[in-house]
Amino acid sequence: MNVSATPLSAPLPEQINAHLLHTIGVAPGSASPSDLMQATAQVARAQLSKRWVYTQAKEKAQKARRVVYLSMEFLMGRTLSNALAALNLTEGAAAGLTQHAQRLEDIAGHEPDAALGNGGLGRLAACFLDSMATLGLPSFGYGIRYEYGMFAQDIQDGNQVEYPDSWLKDGTPWEFPRADLTYTVRFGGSVVHLDGQVTWKHDGEVAAKAYDMVVPGHGTEKVSTLRLWKAVAPDHIDLGVFNAGDYARAAFAKNEYENISWVLYPNDSTPAGRELRLKQEYFFVAASMQDLICRHLAEHPSLDNLAEHVAIHLNDTHPAIGVAELMRILCDEHAFDWDRAWALCGKTFSYTNHTLMPEALETWPLSLIQQVLPRHMEIIFRINKEFLDMAARFRPGDHDFLKRLSLIDETGERRVRMAHLSVVGSHQVNGVSALHSELLVHTIFADFAALWPKRFTNMTNGVTPRRWLAQANPGLATLLDETLGKAWRLDLDQLKRLESCQGDAAFAGKFMAIKRANKVRLADFIAQVTGVQVSPDSLFDVQVKRIHEYKRQLLNVLHVVSRYQAILANPDAPWVPRTVIFAGKAASSYQVAKSIIRLIHDVGLTINNDPRIGDKLKLVFLPNYGVSVAEVIMPGADLSEQISTAGTEASGTGNMKLALNGALTIGTDDGANIEIRQQVGDDNIFIFGLKTPEVRQLRLEGYHPLQHYQDNPELKAVLDAIGDGQFSPDDPERYRALVNSLVWGGDHYLLLADYASYVATQAKVDALYSQPDLWCQRAIRNVAGMGVFSSDRTIGQYARDIWRVAPIPD
Ligand code: 26Q
């Protein structure tokens, strides 16, 4: 028997065994868990392949209008369980693996995460692909096939240590290399203008090779494609040197090219203004544009109707150079005149902004763009000139207005503002929550909104219920199936019907038992990776996200220390036992964030080993936060910490995943927390702290953190304990600077201003948790309100209002 003789309809156990024998090359009887993972993946892969061919044929036959989603990041996580579920193969695969005395979930655990992203933005892209496939939208995601994804985080003596993420070291069963799809991407050199003809005399080039990942839809045969580009030295590279026998130099030159897709930049907000990053951005954009144009010209005679057949979306400004690239292709290669090309461009692109923080906005030195992409620099100048001429007619004589709008920042070293290029080049620009979108048009894009009020809109983020509920929380999923039927997977608004279950004691009992089981699983995981024993009967208080000052993990720590001191001062009070759980990575060069990680460990060591405290308080940090770790944490959380300074977190999506799994939120009036509050009701969420206008007002008036330190003895005791080295006796000065930056250094994110309100609200959390029935009702109410946070809703809105794409009929 060989694989091809094993039909896709053969029983799963038989298919798995056939792949063990013929694809993996082991005797079924002696297969390791990793072999079994590979073989099971191969079974799914064969089906995915079939679906991909079917979907492409359909889309081609119908000349469908398509979405192209350009993103530097796709945080996909593991694929096996999701693929099996989408293909309806879960039960069969589980049965197949039973024959090898293995459980599917253990086998699935042998797959490494595809961590081709930093955090929220990258995971959003992955949820969006899931929804695009599920809604049957003709869609392509384009990105980079990084050899190394987000670094793996280890903790040594409380410090973050980074290791390379070699996710491809054993190969991946999920990619389809497309050897025939290779494009050349050029860099550098100069531009020659002769008789109206423009020639880019480049001085370097690299080949982009396509690798596809097939993204299955749920409840449909349709799939979406994630096409990732790998940089490869062009065939003719340095042959001269090679022929002269200098093999080492030829190899070096080869590396120079191939390093473009080598590694993901691990910064999630402060842009790393490196030449290699700019090359990465242009590399994947240029390859993707060539590919989409090639596909367009295979179906249509010219590019005249490109805008009718493709909607190109920019996931943040990272692919913004695409605007200039499309202009270059149209004008220089397809003889479009400028105005016609510009009109087409504007109809084709749309752009999502993910941050308001000025330091996180991407800009590039003119000199660097000039050097790496000389033709694009000219095009950007021309775009800017035409744009500013128009703006000057709109507000004659207002030079400040023009300066603020310009694509070029002229203060200091001249830089290109990629957000401005994105806004000018797109027909729609959206924020990612109602508040964020509102702030966009009143802050960083206010001048653009004056020009083009209708260009700006909101698309509140969402998450896929398949991964974040059905897969991550099988216990709750089963209860929902029994209570609501199975339709919630594709229609999350069904969760609303849970409202009528709130008073149902039998339902509540099952709901609580499921949460308890998930907490036991999480407690086991905590013990396994940290060695700390925590009680599943304690309140699991969870803050999991990238470590950032604006997200205020430090405020959470201040609360933990204040609680520690209060327990010591009053050991016999009826304390509600709590386990505070942190996880998240710090950008490798972000010293303050690393110091916060260390502080969490130091405080944890002290508290967890203080015999006077016991189960009343525990503090743990789970290393290497990523998609798979999140899948264990989300279902086991009671309390979700979403405590960013109001006006700083664009949306958040962890907030949605946690509430969907029955956690209550303690949070500020920020990002999507506001919309979560609207969905669950004020009584079912703990909102505290200054609101966005109050933050602005306070900063305007002059904020004096020292005042809070002096006026609040409890806060003073907390800051003194940390600053004086109570948690770092081996190095008492370790946290002096961190504490001083709050008390004396301006406390930019207003931790001290929100401290009292935060601690008071935490007391309300305790009070509610000590009434388990009430808590449970509110947790159920949270799940019931999460329907709108399905990424299916989000993608439905993008498709209708921005992309104007529709599913093709089966
Ligand atoms: C830019 C230039 C150079 C190097 C790196 C970067 C870079 C990389 C990643 C800049 C930003 C990011 C990621 C940003 C991000 O994840 N933002 C989050 O997006 C989520 C999805 O919309 C929101 O929910 C979060 O609020 C937002 O912080």
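The values are calculated or read from the model by the stated rules, or taken from the named source; none is laboratory data. On a predicted model such as this, the values are computed, not experimentally measured, just so you know. When we count neighbours, we look across all protein chains shown, and the Cβ atoms used for this are built from the backbone with ideal geometry, even at glycine. Ligands, DNA and RNA are excluded from the accessible area calculation, which covers all protein heavy atoms including side chains. Shrake-Rupley method; radii C 1.70, N 1.55, O 1.52, S 1.80 Å.
Length gained on full extension, Ala101 to Lys347, computed as 0.36 nm times the residue gap minus the Cα-Cα distance: 82.9 nm. Alpha-carbon geometry of segment 391-550: the Rg and the Dmax are 24.7, 71 Å, given in that order.
Exposed loop sites here mean GluC sites (Glu not before Pro) with a DSSP loop assignment and at most 16 other beta-carbon atoms within 10 Å; the chain contains its longest site-free run at 414-732. Relative to the Cα centre, the charge distribution of segment 140-259, modelled as +1 at Lys and Arg Cβ and -1 at Asp and Glu Cβ, gives a dipole magnitude of about 380 debye. The equivalent ellipsoid that matches the C-alpha gyration tensor of segment 666-799 spans semi-axes of 35, 20, 15 angstrom, in descending order.
Under a Cβ-only charge scheme (Lys and Arg +1, Asp and Glu -1), can you give me the dipole magnitude of the chain about the Cα centre, in debye to the nearest 20? Walk me through the intermediate numbers first.
Numbers: 78 positive and 92 negative charges, 266 e Å.
Approximately 1280 debye in magnitude.
In this structure, the residue pairs whose Cα-Cα separation is over 27 Å, taken from Lys515/Lys618; Lys209/Lys594; Lys63/Lys169, are Lys209/Lys594; Lys63/Lys169.
How large, in percent, is the carbon and sulfur part of the accessible surface of segment 296-444 at a probe radius of 1.4 Å?
Values: 2970 of 5470 Å².
Result for segment 296-444: 54 percent of the exposed heavy-atom area is carbon or sulfur.
Comparing segment 145-194 with the 2.2 N^0.38 Å rule of thumb, its C-alpha radius of gyration ratio is 1.99 (two decimals). If contacts are Cα pairs under 8 angstrom and at least 6 residues apart, what is the relative contact order of the chain in percent? Reported relative contact order: 13 percent. In summary, the aspartates and glutamates within cross-link reach of Lys58, defined as a Cα separation below 16 angstrom excluding same-chain residues under 8 places away, comprise Glu221, Glu299, Asp810. The Rg/Rh ratio of segment 716-756, with both radii computed over alpha carbons and Rh defined as the Kirkwood radius, is 1.00.
Note on Lys63: accessible area is roughly 100 Å² with a 1.4 Å probe, heavy atoms of protein only.
Where Lys and Arg each count +1 and Asp and Glu each count -1, what net charge lies around Arg78 among other residues with Cβ under 10 Å from its Cβ?
Values: positive: Arg467; negative: Glu111, Asp113, Glu631.
Spelling it out: positives minus negatives among the neighbours equals -2.
Note on segment 341-420: Cα convex hull, mean projected area over all directions, 6.3 nm². Within a straight-line Cα-Cα reach of under 15 Å, Lys454 can be paired with the following aspartates and glutamates, leaving aside sequence neighbours fewer than 8 residues apart in one chain: Glu438, Asp801. Classify segment 460-501 as rounded, prolate or oblate from the Cα gyration tensor: take a ≥ b ≥ c as the square roots of its eigenvalues, call it rounded if a/c is under 1.5, otherwise prolate when a/b beats b/c and oblate if not. Cα axes put segment 460-501 in the oblate bin. Across the alpha-carbon set of segment 527-610, the Rg to Rh ratio works out to 0.98, Rh being the Kirkwood radius.
When the gyration tensor of segment 375-419 is built from Cα positions, what are the square roots of 5 times its three eigenvalues, in whole Å, from largest to smallest?
Values: eigenvalues 69, 37, 10 Å².
Calculated on Cα positions only, the semi-axes equal 19, 14, 7 Å.
Which whole number of Å³ per residue matches the convex hull of the alpha-carbon atoms in segment 547-594?
Details: hull volume 3.6 nm³, N = 48.
Expressed per residue, the convex hull around the Cα atoms of segment 547-594 is 76 Å³.
Other residues with beta-carbon under 15 Å from the beta-carbon of Gly462 carry, at +1 per Lys or Arg and -1 per Asp or Glu, a net charge of +1. Farthest toward the positive end of the dipole of the chain, out of Cys331, Gly723, Leu388, is the Cα of Cys331, where the dipole comes from beta carbon charges about the Cα centre. Over 43 Å apart: what share of the alpha carbon pairs of the chain falls there, rounded to a whole percent? Here the long-distance tail beyond 43 Å is 31 percent of all Cα pairs in the chain.
Once all protein chains are placed together, Leu326 keeps about 0 Å² accessible to a 1.4 angstrom probe.
Computed from point charges on the beta carbon alone (+1 for Lys and Arg, -1 for Asp and Glu), the dipole magnitude for segment 324-380 about its Cα centre is near 100 Debye.
Sorting Leu121, Leu297, Leu303 by accessible area puts them as Leu297, Leu121, Leu303; the probe is 1.4 Å, largest comes first, and only protein heavy atoms count.
For segment 1-142, the solvent-accessible area of protein heavy atoms averages 36 Å² per residue (probe radius 1.4 Å; ligands and nucleic acids excluded).
Gly109 sits among other residues whose Cβ lies under 12 Å from its own Cβ, and their net charge, with Lys and Arg +1 and Asp and Glu -1, is -3.
Put simply, segment 362-473 fits an ellipsoid with semi-axes of 32, 20, 12 Å; these come from the alpha carbon gyration tensor as the roots of five times its eigenvalues, largest first. Taking the DSSP bridge list for segment 351-457 and keeping only pairs wholly inside it, about 55 percent are antiparallel. Measuring nothing but how far apart in sequence close Cα pairs (under 8 Å, 6+ apart) lie, relative to its length, segment 418-503 scores a relative contact order of 22 percent.
Measure off, as a whole percent, the carbon and sulfur share of the 1.4 Å-probe accessible area of segment 564-698, all protein chains present.
Details: 2040 of 3940 Å².
Heavy-atom surface of segment 564-698 belonging to carbon and sulfur, 1.4 Å probe: 52 percent.
Our helix-only sum for the chain, with -39,500 (n - 2.57) per DSSP H run of n ≥ 4 divided by its residues, gives a mean residue ellipticity at 222 nm of -14000 deg cm²/dmol.
Relative to one another, the C-alpha centroids of segment 101-157 and segment 610-638 are positioned 22 Å apart.
For each pair in Lys60/Lys222; Lys510/Lys657; Lys545/Lys585; Lys545/Lys657; Lys279/Lys585, compute the distance between the two Cα atoms and list the pairs where it is over 18 Å. Please list the in-between numbers first.
On the way: Lys60/Lys222 13 Å; Lys510/Lys657 20 Å; Lys545/Lys585 8 Å; Lys545/Lys657 12 Å; Lys279/Lys585 25 Å.
In this structure, Lys510/Lys657; Lys279/Lys585 exceed 18 Å between Cα atoms.
Taking trypsin sites (Lys or Arg not before Pro) across segment 110-197, the ones in a DSSP loop with at most 13 further Cβ atoms lying within 10 angstrom of their Cβ are Lys169.
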